[in-house]
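Just below is one structure, and these are the notes that go with it.
The values are calculated or read from the model by the stated rules, or taken from the named source; none is laboratory data. Every value quoted in this text rests on a predicted model; they were computed, and no experiment measured them. Cβ atoms come from the backbone with ideal geometry, glycine included; neighbour counts cover every protein chain shown.
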Amino acid sequence: MNGTNETKPVDWRETYARWMQAGVRIGLVALVASFALYILGVLPSHVAPAQLPGVWGLPVGQYLERTGAPSGWAWIERLGQGDVLNMLGVAILSSVTIACYLRVFLPLVRAGDRILATIVALQILVMLVAATGWLR
Amino acid sequence: MRRRALAAAAVAAFALVPALAWAAPATASSLPWWAWPVLLFGVSFLIGIIAVAAGIGGGVLFVPIVGSLFPFHLDFVRGAGLMLALCGALSASPRIIRGGLGEMRMVIPLSLAGSVAAMVGAHMGLLLPTKVLQTSLGIIVLIIAAIMWRAKERESTGAQPRDPWADALGMHGLFRDPKTGREVEWHARHVLSGILTFTVIGFIGGMFGLGAGWANVPALNVLMGVPLKLALGTSGLSISVINTSAAWVYLNQGALLPMIQVPAILGVIAGARLGVHVLRILTPVTARWLVVGVLVLAGARALLQGLSS
């Protein structure tokens, strides 16, 4: 029976939008809050703000060599440092689309949209390869 | 009234940016460290205002201007430009999807090719010597200025010959303009050429951190026959996917400096809020001419820096 309480299935695009909105909010808050902790000196920093003008004109390879700043996923181990903590916000923002794609994959499969679901799966793979730093 | 005056002042200040960029030394000066993020916020704020008025993303202006005006290495400027474009696209995407202003069925296939290319471009860009990178950036920015100068976007895309790839991927539909209520039936064409174009755009965007709206919109509208407003939204959605792959490359390589990226992102977001008011004193065409002028100067400066280093 088609009653008035019949729920309309949520379109996968709306799910995608909802997840993206939540992810961006979390990411931007993390980015700004960690920057405030860094610049106000609440947390110790790996490279102090006053030292940056001496190194920010160097190519990234030389910068890492001179400062010993983390690359790859090494930042995870140094989240107690204000400037490194900022990477958490960047990582969240860079993961939002991956999470959205993962979220809509199954609804697309269930809807029988095989071509789009396959492309979504391939895209997830590409983004995960980029995120793991496997190609470094 | 106050907002209009503020917007007029911002436009005038933006027009002075290329002159400053031309005259500024590329090396660090005696300014205290905190002056640089403050100045960066100010320049990014102006970029945000004009970018909205001209209907482009901020990344294409950010990299050549900040690369010329500030003492930061191009590696970090490109990383910040990419994050800036990513944040802008991510923030706008939910509104675009809910408003029916972008088509995910276009975004998903086109972005797959674009994101692979962006990842490769980002890796290559970080391997190139600074001189080669700066010279290439100058040339690319001048080409972008030429594309923006010559681009003639179409409100109506006319009769659409059917493309079997568009049928297979579901790249067609009925677009309802939320402002006018007018409905346009559309059917994408030249899908394979579109995928190839997005591959090239993704590579350039990843390599130089430029964002991609300057090329995505003409590719979707003129080449693929997507209605202009739908092309604008679809371009924004695709940037949020394509730049994700490249952003991870910059993050993994250590090319993202909080002191550069955060003031830049906040400045552009704040500027974009005022940009809506600029539209009252500046038509999109005038704003675009202003952007082309700034790009020509910033591109020429980057080219000369690259050739003389």
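Observations, loosely collected:
- Region B:269-309, residues that are β-branched (Val, Ile, Thr) and over 28 Å from B:LEU128 (Cα atoms): B:ILE269, B:VAL276, B:VAL278, B:ILE281, B:THR283, B:VAL285, B:THR286
For (1) more than 14 Å from chain A (Cβ to nearest Cβ); (2) surrounded by fewer than 24 Cβ atoms within 10 Å (Cβ to Cβ); (3) among the aliphatic types (A, V, I, L, M), each residue gets a yes or a no:
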position: B:ASP75; (1), (2), (3): no, no, no
position: B:ALA80; (1), (2), (3): no, no, yes
position: B:ILE108; (1), (2), (3): no, no, yes
position: B:MET119; (1), (2), (3): no, no, yes
position: B:LEU127; (1), (2), (3): no, yes, yes
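- Helices (runs of 4 or more DSSP H) lying entirely in region B:165-283 (those with 2 or more residues that are β-branched (Val, Ile, Thr) and within 14 Å of another protein chain (Cβ to nearest Cβ)): B:191-208, B:228-252, B:258-278
- Note on region A:84-136: among residues that are of a type in the set (Val, Ile, Thr) and within 25 Å of B:LEU257 (Cβ to Cβ), the one that is surrounded by the fewest Cβ atoms within 10 Å (Cβ to Cβ) is A:THR132.
- Of residues in region A:34-48 being in contact (Cβ under 8 Å) with a residue 24 or more places away in the chain and assigned to a helix (DSSP H, G or I), the one nearest to A:GLN81 (Cα to Cα): A:TYR38
- Within region A:102-120, tally of residues that are of a type in the set (A, V, I, L, M, F, W, C) and facing chain B (nearest Cβ under 10 Å): 7
- Among the residues of region A:29-48, those identified as of a type outside the set (Gly, Ala, Ser) and surrounded by fewer than 20 Cβ atoms within 10 Å (Cβ to Cβ) are A:VAL29, A:VAL32, A:LEU37, A:ILE39, A:LEU40, A:VAL42, A:LEU43, A:PRO44, A:HIS46.
- For A:SER94: the one exception among (1) facing chain B (nearest Cβ under 8 Å); (2) not in a helix (DSSP H, G or I): (2)
- Failed item, numbered, when A:GLU65 is tested on (1) within 26 Å of B:MET119 (Cβ to Cβ); (2) facing chain B (nearest Cβ under 8 Å): (2)
- Scan of region A:105-136 for residues that are farther than 13 Å from B:PRO109 by Cβ and in a loop (DSSP other than H, G, I, E, B), ordered by number: A:ALA111, A:GLY112, A:GLY133, A:TRP134, A:LEU135, A:ARG136
- Candidate set from region B:86-106 (those that are within 22 Å of B:VAL63 (Cβ to Cβ) and more than 7 Å from chain A (Cβ to nearest Cβ)); member that is surrounded by the most Cβ atoms within 10 Å (Cβ to Cβ): B:ALA89
- Considering the conditions (1) more than 10 Å from chain A (Cβ to nearest Cβ); (2) in contact (Cβ under 8 Å) with a residue 24 or more places away in the chain; (3) aliphatic (A, V, I, L, M); (4) under 19 Å from A:ARG13 (Cα atoms), B:ILE139 is excluded by exactly one of them, (4).
- Test: residue in region B:45-59 that is within 11 Å of chain A (Cβ to nearest Cβ) and at pLDDT 90 or above: no
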